[in-house]
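**Student:** Quick one: this structure, given as structure tokens, is what I'll be asking you about.
The values are calculated or read from the model by the stated rules, or taken from the named source; none is laboratory data. All figures in this text were calculated on a predicted structure; none of them were measured in a lab. Here the Cβ is made from the backbone with ideal geometry for all residues, glycine too, and neighbour counts use every protein chain on show.
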Amino acid sequence: MTQPEIRQNDQERGRPVWALLGLLAAVSVAVFIMALGFTAG
């Protein structure tokens, strides 16, 4: 799917906020894991 299609689907569900929160949570977890890896290494 292209970005406009994803954005349109979020608007149709009326839940674009949850999509942003999910993305933010995924990025936060990834950064946290990388930070642990760097400190452990």
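**Student:** Among the numbered criteria (1) modelled with pLDDT of 90 or more; (2) touching a Lys or Arg at 6+ places or on another chain (Cβ under 8 Å); (3) not hydroxyl-bearing (Ser, Thr, Tyr), which one does Gly37 miss?
**Tutor:** Tallying (1) modelled with pLDDT of 90 or more; (2) touching a Lys or Arg at 6+ places or on another chain (Cβ under 8 Å); (3) not hydroxyl-bearing (Ser, Thr, Tyr), Gly37 fails exactly one: (2).
**Student:** Restricting to region 1-32, give me the number of residues that are surrounded by fewer than 10 Cβ atoms within 10 Å (Cβ to Cβ) and at pLDDT 85 or above.
**Tutor:** Qualifying residue count, region 1-32: 1.
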